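The values are calculated or read from the model by the stated rules, or taken from the named source; none is laboratory data. Just so it is clear, the model here is predicted, and its values are computed rather than measured. Here the Cβ positions follow ideal geometry from the backbone for every residue, glycine too, while neighbour counts run over all protein chains shown. SASA here: full protein model, heavy atoms, side chains in, ligands and nucleic acids out. Shrake-Rupley method; radii C 1.70, N 1.55, O 1.52, S 1.80 Å.
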Amino acid sequence: MDSETTIALIGAGSALLGALIGGGAAVIGANKAARSAYLGPLRVARRAEQAAAHKSLLTAANDYDIAVSQILRTVLELNQHAIAQAEGRQGILNDLDVVAYRAGIERVGTADQVVAAVRHVALQGPKEVYEAAEGVRRMAHILEYSLAHVETIHHAAASDSGTLPAITPVVLSDAAEGLSQAIHAFAEVASEHLNGSK
């Protein structure tokens with residue numbers, strides 16, 4: 001082979017190798033661009049779904065928290081009345097007050113909307129946000145139980161998180177404060193997730 005043929009073969013080989021490398025890089029680049037174009041909107045849609053789930057839980061939990069806080073004073077009085085009667089003392093309320101206070105507690109209802117919203121958060125993830133949402137659910141459950149048993153003295157019951165204490169003014173106040181704190185903790189974790197780079 002003469003030198004011109006060798007140079008031509010080397011040149012052709014280099015051109016072919018360059019075309020293969022360039023073409024491969026172009027295919028990889030196009031694949032990455034296509035994947036990014038596909039996954040980008042999916043990530044945005046997922047974040048939007050997560051934000052909607054978080055908002056739903058915050059709305060349900062705040063509504064329940066506000067409803068409870070509006071009747072907490074009367075709940076505490078009804079509890080003290082029941083304690084006094086259980087100890088053989090004169091209660092602090094008359095019969096009409098007792099009926100009105102019970103009706104107020106019944107109007108608050110259950111924490112079912114909070115529980116449903118927590119399930120929605122569970123579907124959307126991530127784990128740390130769901131765990132914070134579970135904290136809200138647990139506190140709402142304790143508060144719901146406390147309201148339902150506000151006149152039941154010296155009674156404890158088992159729940160999925162252990163034994164629920166006998167209902168006292170301290171337990172009622174702690175449960176109401178615990179729900180507020182759990183809502184705040186959830187809001188922080190959810191905000192950190194949505195505004196972070198995860």
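Among VAL136, VAL121, VAL129, which is over 30 Å from GLN85 (Cβ atoms), at pLDDT 95 or above and assigned to a helix (DSSP H, G or I)? Within the list VAL136, VAL121, VAL129, the selection yields VAL136.
Checked against (1) in contact with a helix residue (DSSP H, G or I) (Cβ under 7 Å, 6 or more places away or on another chain); (2) surrounded by fewer than 17 Cβ atoms within 10 Å (Cβ to Cβ), GLN70 passes all but condition (1). In this entry, LEU123 is excluded by the filter for residues that are crowded, with 18+ Cβ neighbours inside 10 Å and not polar (S, T, N, Q). Name the single residue, out of those in the stretch 139-159 being at pLDDT below 80 and outside any strand (DSSP E or B), that is surrounded by the most Cβ atoms within 10 Å (Cβ to Cβ). Here the residue is ILE153. Screening ARG46 against (1) modelled with pLDDT of 90 or more; (2) among the basic types (Lys, Arg); (3) within 17 Å of ALA190 (Cβ to Cβ) leaves a single unmet condition, (1).
Looking across the stretch 73-115, the residues that are closer than 13 Å to ALA148 by Cα, touching a Leu at 6+ places or on another chain (Cβ under 8 Å), open to solvent by less than 30 Å² (accessible area, probe 1.4 Å) and not in a loop (DSSP other than H, G, I, E, B) come down to VAL75, LEU78, ASN79, ILE105, VAL108.
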